[in-house]
Amino acid sequence: MNREEMADVLEKIALLLELKGENPFKVRAYRQGAETVLAMEGDVVELAKNDELKGIKGIGDALRDKLGELAKTGGLEFYENLKKEFPESVFELFEIQGLGPKKIKSLYDELGVDSTAKLKAACEEGKVAVLPGFGEKTQKKILDAMAANEKFADRFRLGSVTALVEGMLETLRLHPEVSRVAVAGSYRRARETVGDLDFLVATKEGALVCEDFTTLPQVESVIACGETKASVRLQNGMHCDLRAVKNSEFPFALQYFTGSKEHNVALRSLALKKGWSLNEYGLNPVDPGETPPYVEEEKDIYRLLGLQYIEPELRENRGEIEAAAENKLPRLVELMNLRGTFHNHTTASDGKDTLEAMVEEAMELGLQYLGISDHSKSSWYAGGLDEERLLKQVEEIRDLEKMLGGFRIFAGSEVDILKDGDLDFSDEILAQLDFCVASVHNVFNLDEDTMTRRICRAMENEHITMLGHSTGRLLLKREAYPLDHARIIDCAAATRTVIELNCSPMRMDMDWRWWKRARDKGVLCSINPDAHSRDQLHNLGTGVRVARKGWLRREDVLNTRTAPEIEAFLKMPKAKR
DNA sequence: GCCGTTTTCGGCCCGACTGTTTTCAGTCG
């Protein structure tokens with residue numbers, strides 16, 4: 001039993017109590033308890049075992065007893081009894097957008113629906129539309145939401161699989177029969193979501209390495225295992241391939257399996273013009289009389305085709321091949337260029353870690369400064385700060401900074417952009433901050449023109465340093481709201497507003513496809529983790545990869561600047577930045 | 001179920017939107 005499992009049990013209890021129509025405040029207490037378990041300091045499992053949870057806010061007598069039982073026995077009788085009342089599959093129903101506990105209960109009581117499969121059948125037979133409180137539109141919305149879930153079912157967010165991939169690479173690297181290892185595919189190209197993973201090894205013992213690959217702890221089941229390829233399904237449900245090639249084939253296989261398909265098609269046609277035939281095994285002269293060139297690394301392939309080396313992130317056939325032919329590829333930003341970051345939360349609003357803990361982690365990462373921007377009052381559900389609490393936080397920040405020997409904390413706010421483009425705080429309040437992120441958190445259903453004008457209005461404010469998560473999308477969960485990106489970028493350029501690359505794994509927003517345009521208009525990017533806990537600051541690494549995918553250079557990214565440079569930047573009138 | 005310079009009951013900070021209704025319930029941030 002670990003922290004996550006304990007929190008999961010409380011969360012599931014909350015769902016089941018909701019289904020039973022229990023007192024909503026009791027439900028909330030369990031949900032809050034789950035949050036507390038995840039966020040609290042110390043070894044919560046050990047504390048629960050020793051009955052030492054007294055005094056923790058959000059955990060009262062009842063939850064303390066239940067957590068104790070969980071920690072000591074690994075089970076919970078209360079939960080087991082509750083689970084007996086519903087089949088396990090009801091939890092699926094909570095994943096459907098637009099369905100809450102009341103509707104699920106109604107579906108369960110009236111139609112016996114207790115799984116997505118049964119729900120789909122009931123919708124298709126028209127049984128859902130005639131239930132009280134439901135209707136044709138609701139039935140259609142449920143079907144659409146289920147279709148969307150299916151569409152996303154086999155995809156994963158880039159930032160959520162980084163640790164898994166790094167772990168597997170490390171293990172493969174240690175294999176005695178393996179000389180080279182890489183991950184290819186859309187993961188290597190830093191797409192914001194990936195469907196499957198492609199690992200590549202150079203070895204003389206393909207069958208052995210494939211066999212050993214299928215026994216990795218991350219593997220759930222084996223689909224196929226041969227001499228050059230193994231296919232498995234991982235514990236997290238991901239499809240994953242390993243390809244074993246000879247060392248001499250490795251660069252070609254790496255290039256080929258990295259893709260994208262469009263990039264490779266363009267590259268092969270370029271090769272043909274030069275009298276070569278390129279495939280995943282080699283680069284061969286079309287004229288059989290000539291000898292194939294010596295290739296040791298992927299770089300050599302590009303060089304032989306008369307191209308600059310094209311970084312994997314750029315390989316989408318969006319102009320990179322032409323630029324490489326003219327020696328005009330940008331030198332892309334790197335993680336080591338980052339000096340600090342903005343847009344982070346603390347326990348003052350919905351963050352899990354205190355100001356001190358966040359700062360400590362930023363220092364640990366080798367940064368020179370950290371921007372704090374908790375939610376504003378309209379985001380009350382996230383514990384948004386009102387004017388009084390905000391100004392108090394600014395004071396706390398100034399006080400803490402004095403004790404840090406040079407590390408800078410920039411005091412800011414993630415201020416809500418209200419429906420009409422007004423901001424949640426007055427200019428007088430905003431003027432007292434070092435910086436300000438403006439974000440949309442509600443009323444997502446405006447038409448494109450209205451939404452664009454709303455956001456532009458916020459950017460026109462002198463005190464708004466940067467625009468937060470511009471499209472509002474939640475990857476694999478919620479589509480972006482309609483937005484005229486070209487106008488947003490023009491407005492950012494005109495008002496000298498920075499645009500954020502929010503590198504929370506859920507967001508990666510603004511989308512990488514727009515960054516080159518923004519860069520060319522002189523718009524600065526700020527790579528921000530939107531961290532709600534200290535460990536989320538580590539998402540900066542993935543953020544940099546996505547910035548690279550957007551063709552961004554060091555000079556295009558605000559937070560590659562040093563603390564004194566940032567200070568000067570923020571003090572400058574916006575128009576002169 | 002939690003919490004309390006209103007200590008053992010009575011609150012638990014909202015507002016927009018949708019689709020169902022005919023004045024409102026359910027869902028979502």
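The values are calculated or read from the model by the stated rules, or taken from the named source; none is laboratory data. Model, not experiment: these values are computed from the prediction. All Cβ positions, even for glycine, are placed from backbone atoms using ideal geometry, and neighbour counts span all protein chains on display.
Within region A:33-46, the set of residues being free of Cβ contacts under 8 Å to residues at least 24 places away in the same chain and among the hydrophobic types (A, V, I, L, M, F, W, C) comprises A:Met40 only. Would you say A:Met1 is under 31 Å from the mean Cα position of the chain (by Cα) and either free of Cβ contacts under 8 Å to residues at least 60 places away in the same chain or crowded, with 20+ Cβ neighbours inside 10 Å (or both)? Considered against the rule, which asks whether it is under 31 Å from the mean Cα position of the chain (by Cα) and either free of Cβ contacts under 8 Å to residues at least 60 places away in the same chain or crowded, with 20+ Cβ neighbours inside 10 Å (or both), A:Met1 comes out as no. Would you call A:Arg243 part of a strand (DSSP E or B), out of contact with any helix residue (DSSP H, G or I) (no Cβ under 9 Å at 6 or more places or on another chain) and within 25 Å of A:Val161 (Cβ to Cβ)? Spelling it out, it is not the case that A:Arg243 is part of a strand (DSSP E or B), out of contact with any helix residue (DSSP H, G or I) (no Cβ under 9 Å at 6 or more places or on another chain) and within 25 Å of A:Val161 (Cβ to Cβ). Given the structure, is A:Glu361 assigned to a helix (DSSP H, G or I), surrounded by 19 or more Cβ atoms within 10 Å (Cβ to Cβ) and touching a helix residue (DSSP H, G or I) at 6+ places or on another chain (Cβ under 9 Å)? Answer is yes for this residue. Can you confirm whether A:Leu70 is in contact with a Leu (Cβ under 7 Å, 6 or more places away or on another chain), buried (at least 16 other Cβ atoms within 10 Å of the Cβ), closer than 30 Å to A:Leu47 by Cα and not hydroxyl-bearing (Ser, Thr, Tyr)? Judged against the criteria, A:Leu70 is a match. Scanning region A:17-39 for residues that are under 20 Å from A:Leu99 (Cβ atoms) and either away from DNA strand B (no atom under 12 Å from the Cβ) or not hydrophobic (A, V, I, L, M, F, W, C) (or both) yields a count of 8.
Across region A:447-485, the number of residues qualifying as within 20 Å of A:Pro529 (Cα to Cα) and touching a Phe, Trp or Tyr at 6+ places or on another chain (Cβ under 6 Å) comes to 3. Going residue by residue through region A:205-218, is there one that turns out to be part of a strand (DSSP E or B) and in contact (Cβ under 8 Å) with a residue 24 or more places away in the chain? No, region A:205-218 contains no residue that is part of a strand (DSSP E or B) and in contact (Cβ under 8 Å) with a residue 24 or more places away in the chain. If you go through region A:436-456 and keep only what is over 23 Å from A:His345 (Cα atoms) and either surrounded by fewer than 18 Cβ atoms within 10 Å (Cβ to Cβ) or not basic (Lys, Arg) (or both), you end up with A:Asn445, A:Leu446, A:Asp447, A:Glu448, A:Asp449, A:Thr450, A:Met451, A:Thr452, A:Arg453, A:Cys456.
Here A:Thr497 meets the list (1) at positive phi; (2) crowded, with 24+ Cβ neighbours inside 10 Å almost entirely, failing just condition (1). Scanning region A:409-419 for any residue that is part of a loop (DSSP other than H, G, I, E, B), in contact with a strand residue (DSSP E or B) (Cβ under 6 Å, 6 or more places away or on another chain) and within 16 Å of DNA strand B (Cβ to nearest atom) turns up nothing.
None of A:Ser231, A:Ser277, A:Ser269 is surrounded by 12 or more Cβ atoms within 10 Å (Cβ to Cβ), out of contact with any His (no Cβ under 8 Å at 6 or more places or on another chain) and of a type outside the set (D, E, K, R) except A:Ser277.
Which residue is nearest to DNA strand B (Cβ to nearest atom), if the candidates are limited to region A:119-136 and must be outside any loop (DSSP other than H, G, I, E, B) and more than 32 Å from the chain's Cα centre (by Cα)? My answer is A:Glu136. Here region A:50-63 is the region considered, the condition is being near DNA strand B (Cβ under 6 Å from one of its atoms) and aliphatic (A, V, I, L, M), and the residue that is nearest to A:Leu38 (Cα to Cα) is A:Ile59. Taking the numbered list (1) buried (at least 21 other Cβ atoms within 10 Å of the Cβ); (2) touching a residue at least 40 places away in the same chain (Cβ under 8 Å); (3) closer than 30 Å to A:Leu446 by Cβ in turn, A:Arg389 passes all entries but (1).
So is A:Lys66 without any contact (Cβ under 8 Å) to a residue 12 or more places away in the chain and either farther than 21 Å from A:Val128 by Cβ or near DNA strand B (Cβ under 9 Å from one of its atoms) (or both) or not? No: the conditions fail for A:Lys66. Within region A:168-204, the residues that satisfy the criterion of being among the hydroxyl-bearing types (Ser, Thr, Tyr) and assigned to a strand (DSSP E or B) are A:Ser179, A:Thr193, A:Thr203. Restricted to region A:138-173, and to residues there that are within 16 Å of DNA strand B (Cβ to nearest atom) and of a type in the set (Gly, Ala, Ser), the residue that is surrounded by the fewest Cβ atoms within 10 Å (Cβ to Cβ) is A:Ala147. Test of understanding: among A:Glu88, A:Glu80, which residue is within 18 Å of A:Leu15 (Cβ to Cβ), more than 31 Å from the chain's Cα centre (by Cα), acidic (Asp, Glu) and away from DNA strand B (no atom under 14 Å from the Cβ)? Being within 18 Å of A:Leu15 (Cβ to Cβ), more than 31 Å from the chain's Cα centre (by Cα), acidic (Asp, Glu) and away from DNA strand B (no atom under 14 Å from the Cβ) holds for just one of A:Glu88, A:Glu80, which is A:Glu80. Is one or more of the residues making up region A:449-456 basic (Lys, Arg), at pLDDT below 95, touching an Asp or Glu at 6+ places or on another chain (Cβ under 8 Å) and in a helix (DSSP H, G or I)? Yes, region A:449-456 contains a residue that is basic (Lys, Arg), at pLDDT below 95, touching an Asp or Glu at 6+ places or on another chain (Cβ under 8 Å) and in a helix (DSSP H, G or I).
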